Amino acid sequence: MAELNVITSMLDDLSKEQSITTALCIGQNLAEYSTNHLIQWHYFNLTEFLSLPFTQRYDLGFVLLDTHQLRDISDNQKSQILVKLRDLMAKRIVVTCQLKDEQLLRALGFTQLIDKTSHESDFALWQFNILTYKHVPDWFNSKFWANPENWDKFRW
């Protein structure tokens with residue numbers, strides 16, 4: 001499992017970037033590790049989460065795939081958890097996992113936060129943030145679309 005200091009520092013950094021009022025965690029209850037007591041935590045195990053109906057969108061989803069409860073689940077179940085979190089339940093997702101899950105997380109659009117070559121342990125940290133998922137290209141603005149100032153000047 002991810003080290004305690006990594007989790008607490010990650011939560012502090014995330015709350016500085018964007019306000020976090022509601023959060024859900026899967027794999028382990030992280031309410032005790034949060035130094036910010038303004039976060040309302042909701043803990044779910046695998047079966048509870050997969051059968052959970054959509055009632056609200058959380059500010060943060062934290063998945064610990066390297067815990068004992070989730071370490072041996074199939075890639076299909078991992079994908080179900082992450083896709084449901086990404087598409088419905090959370091604005092931002094942080095996943096702690098083993099290095100073998102790299103291909104799955106990259107395929108689902110997650111970005112790596114900790115470089116796997118910088119340490120020797122079987123630990124990786126990934127994130128998905130809907131606000132920074134896709135960068136808007138330069139051509140996608142009004143400057144390159146129909147220009148009303150040229151309507152009387154040029155014949156289309």
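Structure above, values below:
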quantity	calculated
Residue in the range 104-126 that is in a loop (DSSP other than H, G, I, E, B) and under 10 Å from the mean Cα position of the chain (by Cα) present	yes
Exclusive hit being loosely packed, with under 10 Cβ neighbours inside 10 Å, at pLDDT below 80, of a type outside the set (Ser, Thr, Tyr) and not in a loop (DSSP other than H, G, I, E, B), set LYS134, LYS143	LYS143
Check on ARG86, over 16 Å from LEU105 (Cα atoms), at pLDDT 90 or above and basic (Lys, Arg)	no
Residue check, ALA124 under 25 Å from LEU11 (Cβ atoms) and modelled with pLDDT of 85 or more	no
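The values are calculated or read from the model by the stated rules, or taken from the named source; none is laboratory data. These numbers come from a predicted model, not from an experiment. When we count neighbours, we look across all protein chains shown, and the Cβ atoms used for this are built from the backbone with ideal geometry, even at glycine.
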